[in-house]
Structure formats: C-alpha cells, structure tokens
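One structure is given below, encoded as structure tokens.
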There are 2 protein chains.
Amino acid sequence: MRLLPALLACALCAATATVFAQAPTRGMQEIIDGAPAEAWRSLDPERTLYLELDAGRVVIELAPEFAPAHVDNIRTLAREGFWDGTSVYRVQDNFVAQFGDAEGDDPALARDLGSAARKLPAEFERAAAGLAFDPLPDADGWAPQAGFVAGFPAARDPATGMAWLAHCYGAVGAARSMADDSSLGAELYVVIGQSPRQLDRNITVVGRVVDGIEWLSALPRGPAPMGFYAEAAQRTPIRALRLASTVPQAQHVALQVLRTDTPTFAELVESRRNRRDGFYKRPAGHIDLCNVPLPVRRTPAP
Amino acid sequence: MRLLPALLACALCAATATVFAQAPTRGMQEIIDGAPAEAWRSLDPERTLYLELDAGRVVIELAPEFAPAHVDNIRTLAREGFWDGTSVYRVQDNFVAQFGDAEGDDPALARDLGSAARKLPAEFERAAAGLAFDPLPDADGWAPQAGFVAGFPAARDPATGMAWLAHCYGAVGAARSMADDSSLGAELYVVIGQSPRQLDRNITVVGRVVDGIEWLSALPRGPAPMGFYAEAAQRTPIRALRLASTVPQAQHVALQVLRTDTPTFAELVESRRNRRDGFYKRPAGHIDLCNVPLPVRRTPAP
C-alpha cells in the first residue's frame, strides 16, 4: 500500500539499525529493486481517483471489471464534483473510514446526484470466466481460491464459476443499506483495519487505495458504536474527488503498481511466505491473501 | 477491543439508521447484552498496564502464562517508572505503533533499566500442556489449531505440543533485534493493522490492548520505510506506564472482558461466523482467529 523506497530493516528492532546475516534467498526489497520494468504497471488515469484532503491526497484505483456500473456512476459523480465539500464522516477503529454526503439521507439537505444513476445493480461478484486469476499457493478460509485479478486481491469459487474482490486493507467499497442494490457509489468506505472478509460477496467493492491511506487511517476515531462523528465540525473535509484523467497533468502523481502475474511477483509472494532475512527464526510457510504486499512506486524518470 | 455500549446498526449503511428484518438467531450485541455475569472476567490489576498519553489511556492486559520473564521485567520497569517521559517513536501504517526509550541504543543517552534484567530468554512459545485452550471451529492457515487461552488469541500445534499467542490487532509484543533473546520488554509494539501472523513464534508477545487502542492507532504515521519519526518532536510523549495495582483505586478504570470458555462466547463466535442480521446476504460460514471480537465493558455497578 505504501511507496517502498528503501531497504526494509528488521521489523521490530529496538529503535536502531542492526546487522544482518546473509540471507540465502532474496528479500522483498531486493526483489522489488531488481524487478524489470515490465513487472510494473502504470495506473490508468481513467480508473484512478484523487481524493483531496487538506492533509494530503489519497489515490484510489478503481476496479471496473468487477463493478462496472458503480465505477461508471463514480466517474459521473467525480466529473460533476459531487464530493467537493463533502466529508469523511465516519472512522471506526479496526474497521473503516467512510465518506461522502453526511446529509445524504435528509431530502432537505442531501446533495444533488446530478447525472448519476439513482439505482444500480448489486455488484457483489461476477463470472470468473474471462478473468485472468493469479492464484495464491495457500488455502484461504473464506473462499475456495484466493489470488489476484488485475492486481486486486480477489477470490474465486470453481463450483459456482464466480469471482469477487476481497476486503483487504485499503479496499474501497460502496456503502449500502439493507437492499442489495441500494448503493450508488456516492458513499464510499475504506478498510483501515483487520480485513473484514465476511463482507466479501455482501457488498460491492469498487477499488483499492494505492497511496496515501494514512490520510484516512490516522484520522481520529468517531464514537462507539460505529464511529460516526457526533458533530459536523469533527468531520474531515473533502476538498475534491476527481478522476485523474480530468486533473491537469502537472497535478498528477505518476504511480506504478507491481503486477501480480509475473515471476517477480511470484518470487515476492514466496519471500513473504517464508521469510529468511535473519530476523525470522521460523518461516511461516503460509501467507493470507490480505497479508500479501502490493508494492507501489513513483514511476521512474525515463 | 472497544467498549461496546450500544446496538450495532448495520455495518456500512449510508449514514443513517435502517430498518431491520427479524433475525432468526441472536446477533452479537444481543448476546453480549444478555450474557450472565459469569460470562465476564474482571481484569486483574497485577496483570494490567495503564499507558498514559496526553490524549488518553491505553489499557493493556499482560499474559504472564506465555511470557512470564518478560512480564516480570515489565512489572519491574513499570514500578520504577522507566517509561515515564519516554515516547511512542514509531508508527507504521498497517503494522505497528512502537514505544519506549527512543535513545535506548545510545549508551550516552539510554535510560537506566534500574532493577530490570538485562537478559531474558526468548518466550516465543510454550508447552501447551496445562493451558485451557478454547478452540475455534475453523481451520487456520498459520497454525494447526487456533483459539483462545485465558481470553488471548492463541494457536497450538498438537504435533509439537506447543502453544503461542497470535499477532492479532491489539497484540502487544516485545521488540528485539536479531538474537532470539534480545528483547527486554522495554521496547514494546502494538499491532494496529492487518494481523502480522508471520511474527507468531518469532517474537515474544506479552499481552494485548483491551481499551484505548485508538490513542495509538490514530497517531500520525512516521516516514517510510518503517515509520520511525525523523524528529524527536514528532514522537508522542508517554506520561507514565504503570501497573494498575500501583495506581490509586480512584484512578482505576474497572473493565471486564468476555471470557472465551463459556456458551455465551461460543454463541458469539457463531453469530460472527454466520451473520444473519439482514444486512449480510451471504453468511461466511467461517471466521479467522483475528476477526473474532473480544468484547470489553465497564464493570457494571453492583
């Protein structure tokens, strides 16, 4: 989720650098640093959102292959400036940060949805046929198969032929009420805690945060039980939420994500399944879907 | 991890209350509200730490059954005020907040450890014999068995006869350097993101946060790669870290945690394995160890 510019020292050292034993296999940072250019994928501005907060920018990659109707509606809302002046109105520890129109259910105060659709189908899962699925080697408790589709953490059921996006850290989903088809993509949430995989196939996932999640994850928590701020003044203002393709080039941040369908990525996963950097005394021999790092970097100068 | 005072409405509703269908089984809040007194366990002040930050108090329950030497050292350090005036000097998104003596490796500046031991054994795991283990019904990717010991998320291997604490959200561990036995319990970290289960059996876990984790999880993140603040002024000061038994009664917070060895808890786990509250369209039929809520409440007035 974060840009990874430098060598990762041992994970939980007492506050200093330490001396490393020679590792027999490459560690993650070495793999990333040595990855060929084709192991990386540049974000497509047509499927990238810039969420502008006073503290910084949150970059979201959208997943139209899983939620085409929601992504289309989000693009419309973004183009029409729906979110400008809205807010992050809910932050629940170990769960989500949620944003949009805090007055959205009050007809007297709700923002106009403009050209956006007022009804969308639920997009909880889709046919797996036609999707390139990069499986993880390990069993997943929540699904018959876990892996990646277009760089997104995903799951698949061969018995039903369906695939869906997983609620890993940084996943962006469309808040809804009781009805399956009650989300519009106008109220969005981001996972900022332990992966709530029980939400998989119960809610439409529209994308994931690729940069700047700390501007959400470090926000003050709202009160129990669900983290909705009690006072409007506590909400974090959203200055704008725009599709990157509509933002002047000079304001772009050029990011690349590591592809999940290359030998580089397979080696990275294995380096995390079995850590042999000297700090780890017992390699786990396992990794959960939501523990797999998905590296992001600034696009190198040509 | 949080106090649960009120009915949990649906998880990701667009900012309002919604109408519920009648659920055929009890939801978590109903189970908690209806739990008999004996389903709860009061924290023992001899194994409870109060971490005092300007923003609030973080309450930590220690696990001496798993890390007796580290807990003993922590008690010594706490009694001697070791942490008074130290700081939270590292916050890494989706990983840990770490605190203690930021200058601990500089002999000229390091705080005196007083009566505390300068060398402790590694306490990564222990014999399972003698431990009451409350197993979860589901498979765990990281261990042959997952469940709870004395209310702590734990794992067990029948083949080796060993048990250990799991790195779930809120777990408190003892930072070390390369050597297994290089931790003293003076530098501690708290998990504030996706459970880093690869650390299980690689580092000594000393307890878990039972209240106030938001005073750590919402701290500003330090810079990449590991979140150590660059400037001393960025660190969050620790006013005190004390064993609750040394704190005047008037300053205590009386907390209870839900026991993990009762029919109440078994029903709670099942209610989370298969959510039937109307919002969830597809019950998962599974739960991961680190997704199991461990409720905490203020001790009711007698």
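Some points to look at:
- Of everything in the stretch B:209-219 that is among the aliphatic types (A, V, I, L, M) and facing chain A (nearest Cβ under 7 Å), the residue that is least open to solvent (accessible area, probe 1.4 Å) is B:213.
- For the stretch B:246-287, a tally of residues being among the hydroxyl-bearing types (Ser, Thr, Tyr), open to solvent by less than 50 Å² (accessible area, probe 1.4 Å) and not in a loop (DSSP other than H, G, I, E, B) returns 2.
- The number of residues in the stretch B:32-71 being of a type in the set (D, E, K, R) and buried (at least 23 other Cβ atoms within 10 Å of the Cβ) comes to 1.
- Only one entry of B:105, B:84 meets the criterion of being more than 13 Å from chain A (Cβ to nearest Cβ) and open to solvent by 40 Å² or more (accessible area, probe 1.4 Å), and that entry is B:84.
- Of the residues making up the stretch A:189-208, just one is more than 10 Å from every other protein chain (Cβ to nearest Cβ) and farther than 24 Å from residue A:145 by Cβ, namely A:190.
- Condition met for residue A:239 (more than 30 Å from residue A:34 (Cα to Cα), of a type in the set (Lys, Arg) and either open to solvent by less than 20 Å² (accessible area, probe 1.4 Å) or without any contact (Cβ under 8 Å) to a residue 40 or more places away in the chain (or both)): no
- Taken over the stretch B:262-284, the residue count meeting the criterion of being under 24 Å from the mean Cα position of the chain (by Cα) and either among the hydrophobic types (A, V, I, L, M, F, W, C) or under 17 Å from residue A:141 (Cβ atoms) (or both) is 7.
- In the stretch A:118-149, the residues that are in contact with a Ser or Thr (Cβ under 8 Å, 6 or more places away or on another chain) and either open to solvent by 40 Å² or more (accessible area, probe 1.4 Å) or under 29 Å from residue A:80 (Cβ atoms) (or both): A:120, A:122, A:123, A:124
- Strands (runs of 3 or more DSSP E) fully within the stretch B:164-245 counting 2 or more residues that are more than 15 Å from the chain's Cα centre (by Cα): B:236-243
- Candidates are the residues of the stretch A:169-185 that are open to solvent by 10 Å² or more (accessible area, probe 1.4 Å) and touching a helix residue (DSSP H, G or I) at 6+ places or on another chain (Cβ under 8 Å); the one that is farthest from residue A:139 (Cα to Cα) is A:184.
- Residue selection: residue B:183 satisfies the criterion of being in contact with a Gly (Cβ under 9 Å, 6 or more places away or on another chain) and within 9 Å of chain A (Cβ to nearest Cβ).
The values are calculated or read from the model by the stated rules, or taken from the named source; none is laboratory data. Nothing here was measured: the structure is a model prediction, and the numbers come from that model. Neighbour counts are summed over all protein chains in view; Cβ atoms, including those assigned to glycine, are modelled from backbone coordinates with ideal geometry. Calculation scope for accessible area: heavy atoms of the full protein, side chains included, ligands and nucleic acids excluded. Shrake-Rupley method; radii C 1.70, N 1.55, O 1.52, S 1.80 Å.
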